[in-house]
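Working notes, beginning with the structure itself.
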Amino acid sequence: MKSNINQLTTEGRNPASNDLDEMSILAIAQLMNQEDAKVSQSITPELPQIAAAITLIVTAFKANGRLIYMGAGTSGRLGVLDAAECVPTFGTEPEMVQGLVAGGAQAMTVAVEGAEDNPNLGAQDLKDLALTANDAVVGLAASGRTPYVIGALDYAQQIGAATISLACNNQALISQHAQVAIEVTPGPEVLAGSTRLKAGTAEKMVLNMLSTISMAKIGKVYHNLMVDVKPTNEKLVIRAKHMIELATGVSADEASELFTAAHQNVKTAIVMNLAGVSVSDAEQRLQRAHGVVRDALALQ
């Protein structure tokens with residue numbers, strides 16, 4: 001694996017930044033901005049694969065399965081970030097979307113020597129989570145060849161879980177170990193080999209799609225509103241009330257009253273208002289509709 005590192009796009013030298021150390025600060029900033037503009041374009045060809053991956057994730061969620069991101073270094077940390085954001089944004093339980101980093105929690109801030117080179121550690125981390133066939137595993141590796149990720153994907157396939165890979169090189173090794181392979185290639189980095197730059201941005205953008213669209217498709221979104229937001233602090237309480245305003249067209253004061261009456265549940269408040277029903281009736285409708293607001297509103 002080490003012998004072909006020069007063939008990886010993510011490890012190549014970017015001719016536009018050959019004199020990086022001698023360029024002015026403004027020139028470097030302009031160059032990095034120009035290079036970052038290429039990231040979105042590099043994702044476009046992979047949208048069908050991304051959609052296929054989301055279909056697998058939605059299927060997992062509907063079977064009460066989990067979404068598990070796995071990676072090393074920057075890739076792993078980005079998975080943890082996306083997983084953590086699902087809790088306040090979509091009101092998920094922490095177990096529903098999880099991120100695992102080679103080397104464990106300490107690897108979020110300090111590199112753990114050799115952890116990413118052991119495929120058995122990837123498999124063991126999934127065993128420790130009691131992986132099932134209802135789960136979906138996303139293996140993240142900018143290089144596309146991280147042994148930790150490959151070990152995890154292979155174990156997931158043995159269990160029967162859905163497997164998805166995300167790499168930033170073409171013909172990535174991890175692509176051979178997943179049902180759906182996503183290969184986004186934003187090109188050589190301004191700082192050669194520093195995949196926390198364009199590659200990391202590309203991975204973050206894809207993860208945004210995987211989680212956001214999946215949540216929308218299981219009823220955590222009404223129109224384009226995050227109606228399962230958890231009001232765990234002042235900002236989120238304000239946001240929750242604003243969601244009620246936007247969804248129903250009521251005033252800020254009325255939204256606040258609905259929020260309180262609905263036991264601080266945005267979905268319940270919306271159904272109460274739009275269907276003209278009581279708190280208990282709104283809660284029952286949402287339960288019957290599996291939490292999907294549109295379906296709850298259609299019930300009699």
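Condition check ((1) free of Cβ contacts under 8 Å to residues at least 12 places away in the same chain; (2) farther than 20 Å from L191 by Cα; (3) of a type in the set (K, R)) across all residues:
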residue	(1), (2), (3)
Q30	yes, no, no
A37	yes, no, no
T44	yes, yes, no
T55	yes, yes, no
N64	no, yes, no
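Every test in (1) more than 29 Å from L236 (Cβ to Cβ); (2) without any contact (Cβ under 8 Å) to a residue 40 or more places away in the chain; (3) among the polar types (S, T, N, Q) is passed by N134 save one, and that test is (2). Does at least one position in the stretch 123-133 carry a residue that is basic (K, R), part of a helix (DSSP H, G or I) and either open to solvent by 40 Å² or more (accessible area, probe 1.4 Å) or modelled with pLDDT of 95 or more (or both)? Checked the stretch 123-133: at least one residue is basic (K, R), part of a helix (DSSP H, G or I) and either open to solvent by 40 Å² or more (accessible area, probe 1.4 Å) or modelled with pLDDT of 95 or more (or both). Across the stretch 93-116, the number of residues qualifying as out of contact with any strand residue (DSSP E or B) (no Cβ under 8 Å at 6 or more places or on another chain) and crowded, with 20+ Cβ neighbours inside 10 Å comes to 3. The single residue among P15, P45 that is closer than 16 Å to S194 by Cα, open to solvent by 60 Å² or more (accessible area, probe 1.4 Å) and of a type outside the set (D, E) turns out to be P15.
So which residues in the stretch 83-117 are among the β-branched types (V, I, T) and either without any contact (Cβ under 8 Å) to a residue 12 or more places away in the chain or more than 24 Å from S143 (Cα to Cα) (or both)? If you could, list the steps in order and put the result at the bottom.
Filtering the stretch 83-117 for residues among the β-branched types (V, I, T) gives 87, 89, 92, 97, 101, 109-110, 112.
If the condition is that a residue be among the β-branched types (V, I, T) and either without any contact (Cβ under 8 Å) to a residue 12 or more places away in the chain or more than 24 Å from S143 (Cα to Cα) (or both), then V87, T89, T92, T109, V110, V112 are the ones that fit.
Only one of these is in contact with a Leu (Cβ under 8 Å, 6 or more places away or on another chain), without any contact (Cβ under 8 Å) to a residue 40 or more places away in the chain and either on the phi > 0 side of the Ramachandran plot or open to solvent by less than 10 Å² (accessible area, probe 1.4 Å) (or both): I159, I174, I164, I182. Name it. Going through I159, I174, I164, I182 in turn, the sole match is I174.
Scan (1) crowded, with 20+ Cβ neighbours inside 10 Å; (2) within 16 Å of the chain's Cα centre (by Cα) for the single condition V227 breaks and write down its number. Going through (1) crowded, with 20+ Cβ neighbours inside 10 Å; (2) within 16 Å of the chain's Cα centre (by Cα) one by one, V227 breaks only (2).
Out of (1) in contact (Cβ under 8 Å) with a residue 40 or more places away in the chain; (2) over 22 Å from T185 (Cβ atoms), what's the single condition that is false for Y148? Only one criterion in (1) in contact (Cβ under 8 Å) with a residue 40 or more places away in the chain; (2) over 22 Å from T185 (Cβ atoms) is unmet by Y148, namely (2). Selection within the stretch 18-31: residues that are assigned to a helix (DSSP H, G or I) and either basic (K, R) or open to solvent by 70 Å² or more (accessible area, probe 1.4 Å) (or both). The member of this set that is nearest to A133 (Cα to Cα) is Q30. Taking the condition closer than 30 Å to V229 by Cα and part of a loop (DSSP other than H, G, I, E, B), does T92 pass? Yes.
The values are calculated or read from the model by the stated rules, or taken from the named source; none is laboratory data. If you're wondering where the values come from, they're calculated on a predicted model, not measured in any experiment. With ideal geometry, Cβ positions are generated from the backbone for all residues, glycine too; neighbour counts draw on all protein chains shown. All accessible areas refer to the heavy atoms of the entire protein, side chains included, with ligands and DNA or RNA removed. Shrake-Rupley method; radii C 1.70, N 1.55, O 1.52, S 1.80 Å.
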